[in-house]
Amino acid sequence: MTQREHFDAIVVGAGPAGNSAALVMARGGLNVLQIERGEYPGAKNVQGAILYADAIERLIPDFRDSAPLERHVIEQRMWMLDDEAFVGTSYRSDRFNEQRPNRYTIIRAQFDKWFSSKVKEAGALVVCETTVTGLLKDKRGRVIGVSTDRDQGEVTADVVVLADGVNALIGSRAGLRKELTPNDVALGVKETIFMPREVIDARFNLKGNEGVVIEAAGSITAGMAGTAFLYTNGDSVSIGIGCLISDFKTSGVRPYYLLEKFKQHPSIAPLIEGGEVKEYAAHMLPEGGYNAIPQLYGDGWVVAGDAAQMLNAVHREGSNLAMTSGRLAAETIVAAKAKGKAMTASTLKAYKRALDDSFVIKDLKKYRRLPNVLHNNKHFFTDYPRLLTNAAETMLRVDGVSKKEKEKSVMGSFRAERGLRGLAIDILKMNRAWR
Amino acid sequence: MSQGLNMVVCIKQVPDSAQIRVHPVTNTIMRQGVPTIINPYDLHALEAAMALRDRLGGTVTVLTMGPPMAATALRKALGHGADRGILLSDRFFAGADTLATSYALTSAIQKIGESRPVDIVFTGKQTIDGDTAQVGPGIARRMGLNQLTYVSAIPTIDQEAGEITVHRRAEGGVQVLKTKLPCLITMLEATNVLRRGSLPDMLRAERAEVETWNAEAAGVEDIGKCGMKGSPTKVSKVFAPSPRAEKAKMVEGDTAEAKARVAIDALAETDPQLLSVIARQPALAS
Amino acid sequence: MAQAPNTPAAGRGKSKELPEHLKAYKNVWVFVELEHGRVHPVSWELLTEGRKLAAALNVDLAGVVLGPSGEGTDSAVAEAFHYGADRVYLVEDPLLENYRTDPFTKAMTDLVNTHKPEVLLLGASTLGRDLAGAVATTLATGLTADCTELAIDPNRNMAATRPTFGGSLLCTIMTQQARPQMATVRPRVMAMGEPDRSRSGEVVRERLDMVEEDIVTKVLDFIPDADSNQAQLAFADIVVAGGLGLQKPENIKLVKDLAAVLGAEYGCSRPLIQKGWMTADRQIGQTGKTIRPRLYIAAGISGAIQHRVGSEGADQILAINIDPNAPIFDFAHHGIVGDALEILPALTEAFRQRLAVDRLAG
Ligand SMILES: Cc1cc2nc3c(=O)[nH]c(=O)nc-3n(C[C@H](O)[C@H](O)[C@H](O)COP(=O)(O)OP(=O)(O)OC[C@H]3O[C@@H](n4cnc5c(N)ncnc54)[C@H](O)[C@@H]3O)c2cc1C
Ligand SMILES: Cc1cc2nc3c(=O)[nH]c(=O)nc-3n(C[C@H](O)[C@H](O)[C@H](O)COP(=O)(O)OP(=O)(O)OC[C@H]3O[C@@H](n4cnc5c(N)ncnc54)[C@H](O)[C@@H]3O)c2cc1C
Ligand SMILES: Nc1ncnc2c1ncn2[C@@H]1O[C@H](COP(=O)(O)O)[C@@H](O)[C@H]1O
């Protein structure tokens, strides 16, 4: 009979959360096995994305020297779109051309692969193309390892770090948490559109490795709660749109249709004209926020990243929360191991305390009401964009009508659509949600 | 008691050609970020070798010539169940055509055979980047192995007698060939499905040290026969196919029926014989 | 053939003088692939192409026939002249009855060493590729596989062009320092000329210096393909094909209907094979069949380069695509912008009516 191998720790998943956890534990001298179902780390994470320097810098201070970074972001545009037009704000500054830029665009497939190479260098054993199918438990219900979809596929460990992403199937299957509801997850669809570097530079007014991010909301989501985005990579742009699964279900709108509509919008189409679609991907995002965070630890296990609903939908921050939670989980485990403590729930509780003290939980708490507000007030995505663009058009058109009359007609249109009470309530709701 | 078969499988790491782009401005190849894969045809060779190992025992050594990153391909093969991986890597090997490739691989296979003679060398039918189907025959010639190309099945093998029969795809049919070991087999696609390794296989593969041989370690006798130097063919240019000068003439019409009629007129105008050619076609339906 | 190059190798193909001892190599040879008494048509295509190369070099064109003595071999020799050979090198031996690598390689390399051709062309069939690899290695010369274009450069070298990187690019390859310059060409890539039945020429006979005992490999059996009805795509005059634009497997019927009215073969792009909508022998393109019909109708096919290289040899291409910017319109002759699901039935009906009228008219 073949012996089951035993490790100090098993990490499920090689996304930002899993990689951070595996890296820290391997550096801490633990014998770590990391299991990823993709062909290589990042294979399943084809999207381009924004990387926030801070979280990765804490793990790999000199990441800028070797990580595959596309462009650093010097300009952020926020657009409110209706069907034909948009109003927007933007911030662009040369100060973002700093020595150690704060935000980058990346292609996840390449970034995750690079991150994984650092994990291997630190001494973790990384096995890909292997799916974890369940958790092994002892008679008392403590987690003691995992089973996989391969022959002789069981391995044991003192502790299992669940970093398997938004679906968090392993945790649900093992009864460690309740199943996700459609209200807690958004579906994002995304394309990478290939264009020569020079074309991107010209269209977005960029030079060197400068990059632009456009965040957009409005009628493009066909009345559903959601947002769209466009990021510039080296020689491609990432473009995508996402809405809550529950909204897709009720509206019957197909995600891909939304993306096509967004791409054809008069403000977006010229930016991507002539580009060749290289990749299409659909991926879920945990957008339930603070209230959806599950139990984070137990006997022999912890959960981090998207699997723990650690995503800040408002600021589209996810990978940094994933890295931070992965790191904190690992630091907890390394410390416990150093003290020779068993990996029990009471030992691993320190992970939750560390998270509570970090920006991760603080930020999620701040926005805890937002998912509900947006979900139940769809006019934020329908009426307001139209009212705003109409207002802008009315004010900007010079046609002999006095400004005072124009203001009146704009206010009138807002009142007619939402009513005075409605307007006041909207403002109040948004304020509370944002507080 | 025999120790089973000593088999070598040649595999090549190739760019996933589906993902290669040509820069529209500079017309150069954009390989950045293009993932590499094991040449798909070679996977059939690997499985065929492991299937023989299941039958008669023995060892399967995977061999590749390529840059250091080709070690990934070997590790993958180990994860599928191969026993040993050897990477042939040296700057002298760069720029090799099929003649030079088969020379270098032959040296390495002979080296592998020093401890125990090699019974069968496997290669894929062809690569998807070079696409020549010539490296296998090249190795067979150089080593004096009996050459069996486009093999779809290996019905019998008798190690005592040193005999093997194979099915070989030929034009219009299948040849049943019998020959003696040692031999070289190039495996046809769609003949088998590569097995998934067990978890212990995967762990072993990740931990394994891939043996890297330079020209000297591989026992290469004449460096001049390797790499670009040893390649009689030279690539003189690489280019994207030029667009045809004229684009298609678009058929106008308000309805599908109108378009169809106009299209037939246009075809008949360019090729006045066309309709009578069609009328003469054998399989005419009512 | 060189492995897929890393960079567009500017300057790599610097022309050098041909070494003195190779200057004796003259003439263009084409291997006439004879098996089971039948010649593979690719050989006639190559003789037609070889004629052009020989003319550019101002040398003779020769065919090489290897086979057992008998009717099949005799007619192969005669036909080689009809298709343009000035001379035929003939090795007749019972050992050359069924193809085996060893005797064929021996016969070919001996011929080359004795008569020294500068160019040797073979079909990229299973037989041709098996033989070419063995011969090139034995002669230590360059071989370019699967060429799509052959030309002679000003220094009298053959410039062989072939697809690379899965067909997304083409590369031109030269063998400047070795002879003969060998190339294989896939069936139907080159056009076949009209035979001239009045032609004949000199036959040069050589002996195969081998006995059965020298040959280790034995042919135990030959099992002809059961399905002789296999798609004759490569040889069809009219081909109708569908791509992913057909959307559903049921819609393949629309392609078949049109094909039936035209007496055409039908085929498809690769994704349909991968989805299992059609059998693999109907794939058109780089990794499927190369077609050279008089008329090719492509419906709902985008015209990716891999599809293009297998179909652009058609005399006329009519493309149907809903997207006016589809790449297929870059190489089709006529285009219909529209929904294939509507256009195909309309075409079927319109052809049916036209053909009825034509037939009535005689
Ligand atoms: C369209 C879109 C755009 C986004 N943009 C941004 C952005 O710009 N910036 C940002 O910070 N965040 C962004 N996010 C969020 C970010 O992608 C996630 O928050 C982050 O990837 C979470 O990391 P993770 O490691 O928890 O999960 P993941 O990255 O999902 O990693 C989980 C890994 O586990 C593997 N896995 C899952 N199940 C198993 C199993 N059973 N066995 C083995 N392996 C398994 C998966 O293959 C995967 O590799 C975006 C998300 C989407 C969908
Ligand atoms: C190594 C390699 C080898 C390959 N070899 C081959 C090969 O031999 N042969 C081959 O064909 N491919 C091959 N391919 C695949 C090739 O790259 C393309 O992916 C493939 O040809 C695309 O098939 P398609 O045109 O049917 O599909 P798509 O590219 O998806 O195109 C579908 C087309 O249909 C149109 N369309 C959609 N709806 C309709 C409608 N209702 N009416 C009319 N038009 C409509 C669309 O506008 C689009 O142009 C190969 C790829 C690789 C990487
Ligand atoms: N660099 C290489 N290393 C190992 N094997 C190779 C290499 N190149 C080609 N081969 C083998 O030779 C076969 C035919 O390759 P090719 O002649 O390039 O089509 C492949 O399927 C491989 O098995």
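What's the total accessible area buried between chains A and B, using a 1.4 Å probe, rounded to the nearest 100 Å²?
Result for this pair: about 2000 Å² buried.
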Taking every pair of alpha-carbon atoms in segment B:127-286, what share in percent sits in each 5 Å bin, from 0 to the bin with the longest distance?
1, 6, 7, 9, 10, 10, 11, 10, 8, 7, 7, 6, 7, 3, 0, 0
Heavy-atom accessible area per residue of the protein assembly as shown, all protein chains kept, 1.4 Å probe, expressed in Å², is 41
Relative to the longest principal Cα axis of chain B, at what angle does helix B:256-270 sit, 0 to 90 degrees, rounded to 10?
80
To the nearest 10 degrees, how steep is helix B:40-56 against the longest Cα principal axis of chain B, on a 0 to 90 scale?
40
Cα gyration tensor shape for segment C:21-214, rounded if a/c is under 1.5, else prolate or oblate
rounded
Using a 1.4 Å probe on protein heavy atoms, which residues of segment B:219-240 have at least 50 Å² less accessible area in the complex than alone?
B:232, B:233, B:234, B:235, B:236, B:238, B:239
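Assuming R0 = 25 Å, can you tell me the calculated FRET efficiency for the pair residue A:149 and residue A:315, based on Cβ-Cβ distance, to the nearest 0.05? If you can, show how the numbers build up before the last one.
Working: r = 36 Å, r/R0 = 1.45.
After rounding, the FRET efficiency stands at 0.10.
For a distance above 32 Å, tell me the whole-number percent of Cα pairs in chain A that qualify.
Details: 38774 of 94395 pairs.
Looking at chain A, the distances longer than 32 Å represent 41 percent of pairs.
Can you put C:106, A:139 in order of accessible area, largest first, using a 1.4 Å probe?
A:139, C:106
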Roughly to the nearest percent, how much of the accessible area of segment C:29-74 is carbon and sulfur, given a 1.4 Å probe?
45
To the nearest 10 square angstrom, how much accessible area does residue A:283 have with a 1.4 angstrom probe?
60
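What net charge is computed for the residues neighbouring residue B:99, neighbours being all others with C-beta under 14 Å from the C-beta of residue B:99, Lys and Arg scored +1, Asp and Glu -1? Don't skip to the end; give the middle numbers.
On the way: positive: B:141, B:142, B:225, B:229, B:234, C:179; negative: B:97, B:222.
Neighbourhood net charge equals +4.
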Which percent, nearest 5, of DSSP beta bridges in segment C:21-214 are antiparallel?
30
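Near residue A:394, within a Cβ-to-Cβ distance under 13 Å, what is the net charge of the other residues, with Lys and Arg +1 and Asp and Glu -1? Each step should come with its number before you reach the end.
Values: positive: A:386, A:397, A:403, A:404, A:406, A:408; negative: A:393, A:399, A:405, A:407.
For residues surrounding residue A:394, the net value is +2.
With a 1.4 Å probe and all protein chains kept in place, how do A:120, B:12 rank by accessible area, largest first? Numbers along the way, then the final one.
Working: A:120 95, B:12 45 Å².
Per-residue accessible area, sorted high to low, gives A:120, B:12.
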Along its three principal axes, how long is segment A:73-226 when you only count alpha carbons? Whole Å, largest extent first please.
61, 42, 27
Taking only C-alpha positions in segment C:127-213, Rg and Dmax in angstrom work out to 16.3, 47
Hey, what number do you get for chain A at 222 nm if only DSSP H runs of n ≥ 4 count, each worth -39500 (n - 2.57), divided across all residues, to the nearest 500?
-11500 deg cm²/dmol
Here the equivalent ellipsoid of segment A:183-286, derived from its Cα gyration tensor, has semi-axes (largest first, whole Å) of 26, 13, 12
Please compute the net charge surrounding residue C:321, taking Lys and Arg as +1 and Asp and Glu as -1 over other residues with Cβ under 13 Å from its Cβ.
-2
Heavy-atom accessible surface of segment C:233-361: percent carbon and sulfur, 1.4 Å
51
Amide H of residue A:133: which non-local residues (sequence gap of 5 or more, or other chain) have their own amide H closer than 5 Å, using H built in the peptide plane?
A:147, A:148, A:149
Relative contact order (%) - criterion: Cα under 8 Å, at least six apart; region: chain C
14
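First compute the accessible area of segment A:280-435 with a 1.4 Å probe, then give the percent of it belonging to carbon and sulfur atoms.
Heavy-atom surface of segment A:280-435 belonging to carbon and sulfur, 1.4 Å probe: 55 percent.
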D (Stokes-Einstein, µm²/s), Kirkwood Cα radius, segment A:371-434, 1.002 mPa s at 20 °C:
166
Taking Cα pairs under 8 Å and at least six residues apart, what relative contact order does segment C:233-361 come out at, in percent?
24
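With a 10 Å radius around each residue's Cβ, average the other Cβ atoms per peptide and rank B:206-219, A:375-388, highest first. If you can, show how the numbers build up before the last one.
Working: B:206-219: 16.0, A:375-388: 18.4.
Sorting B:206-219, A:375-388 by mean packing, highest first, produces A:375-388, B:206-219.
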Does the protein assembly as shown come out rounded, prolate or oblate by the C-alpha gyration tensor, with a ≥ b ≥ c the root eigenvalues, rounded set by a/c under 1.5 and, if not, prolate when a/b is larger than b/c and oblate if not?
oblate
Cα-based equivalent ellipsoid of chain B: semi-axis lengths in Å, sorted from largest, via gyration tensor
44, 26, 19
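How big is the C-B contact in terms of buried accessible area, both chains counted, 1.4 Å probe, rounded to the nearest 100 Å²?
On the way: alone 17860 and 17060 Å², together 26720 Å².
Looking at C and B, the buried total is near 8200 Å².
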Average projected area of the Cα convex hull of chain C, in nm²?
21.5
The percentage of Cα-Cα pairs in segment C:220-362 separated by more than 20 Å is 45
Phi-derived 3J(HN,Hα) across segment B:108-117 with the Karplus relation (6.51, -1.76, 1.60, θ = phi - 60°), rounded Hz, x for Gly and Pro, is 5, 5, 5, 4, 4, x, 5, 6, 7, x
Relative to the longest principal axis of the C-alpha atoms of chain C, give the angle of the C-alpha long axis of helix C:340-360, reported between 0 and 90° and rounded to the nearest 10°.
80
Hz values of 3J(HN,Hα) by residue in segment C:111-126 - Karplus curve (6.51, -1.76, 1.60), Gly and Pro given as x:
4, 4, 5, 7, 10, 6, x, 8, 10, 10, 10, 9, x, 8, 8, 4
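The values are calculated or read from the model by the stated rules, or taken from the named source; none is laboratory data. Since we're looking at a predicted model, the values are computed, not measured. Glycine gets a Cβ as well: all are built from the backbone with ideal geometry, and neighbour counts include every protein chain shown. Just so you know, the surface numbers come from the protein's heavy atoms only, side chains and all, with ligands and any DNA or RNA stripped out. Shrake-Rupley method; radii C 1.70, N 1.55, O 1.52, S 1.80 Å.
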